[in-house]
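Trainee: Before we start, here is the structure in question, set down as structure tokens.
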Amino acid sequence: MASLTIISPCNSSSSSLSSSSSSLFAGSSLSHKTVGYNQSRSRTCASNSFKCNLPQPVDIGNGKPTVPIVNERTLPKFLESARMETSVNRNGGKLKVFSGTANPALSQEIAWYMGLELGKINIKRFADGEIYVQLQESVRGCDVYLVQSTCPPANENLMELLIMVDACRRASAKNITVVIPYFGYARADRKTQGRESIAAKLVANLITEAGANRVLACDLHSGQSMGYFDIPVDHVHCQSVILDYLASKTISSDDLVVVSPDVGGVARARSFAKKLSDAPLAIVDKRRHGHNVAEVMNLIGDVKGKVAVMVDDMIDTAGTIAKGAALLHQEGAREVYACCSHAVFSPPAIDRLSSGLFQEVIITNTLPVAEKNYFPAHSSLCGQSVG
């Protein structure tokens, strides 16, 4: 049975682990600072370390994930005072964070972690579908951060983002940073056939021309997309929090193999494997006959008797990763875990992921998981916010 685990990048991190799970990270180079909440098992972080806690998986009700709500009272006392001081300093420094409608829960979590309140903004849609945006507070001379994923419905959320940028520019914001946890058009980053568009470049131009001064994106489909922007781009990764969660599984490093579901993801999988005690790498070779249609051809590498961890930047229809998992089981893999940053989950992804091929599906909250995309109750769906 598969289970779905949602982990949260903005208040999660990776670290050196306690003896109970050190086998997974022997020789790893992780050295992130961590802040922990909740009262379950604890571990010790690497450089500049302090004690932090890793929450237990929460109870499951009707197949719906329940993520514990973090509030200030769950913080250690020394962190409470530090966060309050940070809050005062940043609010006085004219830094403002506004959220679009794509993923308000993530925006709220980011603002809380920074010690800020989300900026007041009015976003509504007219009867004909046009989008209206009005800032409800002054941003003159401020550094403004706009948090908006271009997740489904991609075009609606993209247009909303552009109008938010325009509103901030016309309100005399000093700097406008667009925070895009999921950049929806990143897959259209090159021409594979004649007379195709390169939509990733077009979207980059739209964001730049709207008035953004900087972009912060999370796990772009390919690094080359950064070059499409004529403004600075900060590219951050969710890899560390997924690694941190996997470490809690206490799987022996001798049993691990990291699998790339296609040739294009080899660099990502190799980087992931290097942090998992330099685990061996396997590659699924596939031939794609059309968009969202994949056919697995063969496996490069040995997975017999091992725990296979499949790593990708996103899961859309799950065709690629499901066929890859079926091949891994045929080749003798003991268990298969699926890890990705962006849970797009277009139909029939849920049917494929909950079919029994995966021990667990691990995702982050860069995209909101709609209720229709929860796993069936019999598939032991669980949600978890790590560290």
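Trainee: If you check G356, G305, G265, which single one turns out to be in contact with a strand residue (DSSP E or B) (Cβ under 7 Å, 6 or more places away or on another chain) and among the small types (G, A, S)?
Mentor: Numbers: G356 fails: in contact with a strand residue (DSSP E or B) (Cβ under 7 Å, 6 or more places away or on another chain); G305 fails: in contact with a strand residue (DSSP E or B) (Cβ under 7 Å, 6 or more places away or on another chain).
Every option except G265 fails the conditions.
Trainee: Is there a residue in the range 221-236 that is assigned to a loop (DSSP other than H, G, I, E, B), touching a Ser or Thr at 6+ places or on another chain (Cβ under 8 Å) and among the hydrophobic types (A, V, I, L, M, F, W, C)?
Mentor: Residues of the range 221-236 that are assigned to a loop (DSSP other than H, G, I, E, B), as a first pass: 221-222, 229-232.
Narrowing the set further to residues that are touching a Ser or Thr at 6+ places or on another chain (Cβ under 8 Å) leaves 229-231.
From what's left, among the hydrophobic types (A, V, I, L, M, F, W, C): 229, 231.
Yes: one or more hits.
Trainee: Within the range 196-222, track down each residue that is open to solvent by 40 Å² or more (accessible area, probe 1.4 Å) and more than 24 Å from M164 (Cβ to Cβ). So that I can check it myself, show each step before the final result.
Mentor: So in the range 196-222, the residues open to solvent by 40 Å² or more (accessible area, probe 1.4 Å) come out as 196-198, 201-202, 205-206, 209, 213-214, 216, 221.
Within the range 196-222, E196, S197, I198 qualify.
Trainee: Kindly check whether there is at least one residue in the range 143-162 that is buried (at least 24 other Cβ atoms within 10 Å of the Cβ) and part of a helix (DSSP H, G or I). Write out each step before concluding.
Mentor: Within the range 143-162, the first condition is being buried (at least 24 other Cβ atoms within 10 Å of the Cβ), and the residues that meet it are 144-150, 161.
Then keep just the ones that are part of a helix (DSSP H, G or I); that gives 161.
Checked the range 143-162: at least one residue is buried (at least 24 other Cβ atoms within 10 Å of the Cβ) and part of a helix (DSSP H, G or I).
For (1) at pLDDT below 95; (2) assigned by the TED database to the domain that holds L357; (3) of a type outside the set (A, V, I, L, M), each residue gets a yes or a no:
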| residue | (1), (2), (3) |
| --- | --- |
| P232 | no, no, yes |
| L246 | yes, yes, no |
| P261 | yes, yes, yes |
| S277 | yes, yes, yes |
| I283 | no, yes, no |
| K286 | yes, yes, yes |
| A322 | yes, yes, no |
| G332 | no, yes, yes |
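Trainee: Anything in the range 245-260 that is over 17 Å from D302 (Cβ atoms) and either in a strand (DSSP E or B) or open to solvent by less than 10 Å² (accessible area, probe 1.4 Å) (or both)? List them, or say none.
Mentor: Those that are over 17 Å from D302 (Cβ atoms) and either in a strand (DSSP E or B) or open to solvent by less than 10 Å² (accessible area, probe 1.4 Å) (or both): Y245, L246, A247.
Trainee: For a quick check of your reading of the model, give me the residue pairs whose first member lies in the range 329-354 and is hydroxyl-bearing (S, T, Y), whose second is open to solvent by less than 10 Å² (accessible area, probe 1.4 Å) and not in a strand (DSSP E or B), with beta-carbon atoms closer than 6 Å and at least 6 apart or on different chains.
Mentor: These pairs meet every condition: S341/C238; S341/T366; S354/A2; S354/F375; S354/S379.
Trainee: Pick out the one residue from K306, K323 that is open to solvent by 50 Å² or more (accessible area, probe 1.4 Å) and charged (D, E, K, R).
Mentor: Numbers: K306 fails: open to solvent by 50 Å² or more (accessible area, probe 1.4 Å).
Just a single option satisfies the conditions, and that option is K323.
Trainee: What are the residues in the range 375-387 that are buried (at least 20 other Cβ atoms within 10 Å of the Cβ) and at pLDDT 75 or above, if any?
Mentor: F375
Trainee: Sticking with this one: Looking at this structure, is A269 surrounded by 14 or more Cβ atoms within 10 Å (Cβ to Cβ) and touching a helix residue (DSSP H, G or I) at 6+ places or on another chain (Cβ under 9 Å)? Reasoning before the result, please.
Mentor: Numbers: surrounded by 14 or more Cβ atoms within 10 Å (Cβ to Cβ): yes; touching a helix residue (DSSP H, G or I) at 6+ places or on another chain (Cβ under 9 Å): no.
For A269, the condition - surrounded by 14 or more Cβ atoms within 10 Å (Cβ to Cβ) and touching a helix residue (DSSP H, G or I) at 6+ places or on another chain (Cβ under 9 Å) - is not met.
Trainee: Provide a single number: the residues in the range 163-195 that are under 27 Å from the mean Cα position of the chain (by Cα), among the charged types (D, E, K, R) and open to solvent by 30 Å² or more (accessible area, probe 1.4 Å).
Mentor: 4
The values are calculated or read from the model by the stated rules, or taken from the named source; none is laboratory data. As the structure is a prediction and not an experimental result, all values here were calculated from the model. A quick note on method: Cβ atoms are made from the backbone with ideal geometry, for glycine too, and the neighbour counts reach across all protein chains shown. For the accessible areas, the whole protein counts, side chains as well, though only heavy atoms, and no ligand, DNA or RNA atoms are used. Shrake-Rupley method; radii C 1.70, N 1.55, O 1.52, S 1.80 Å.
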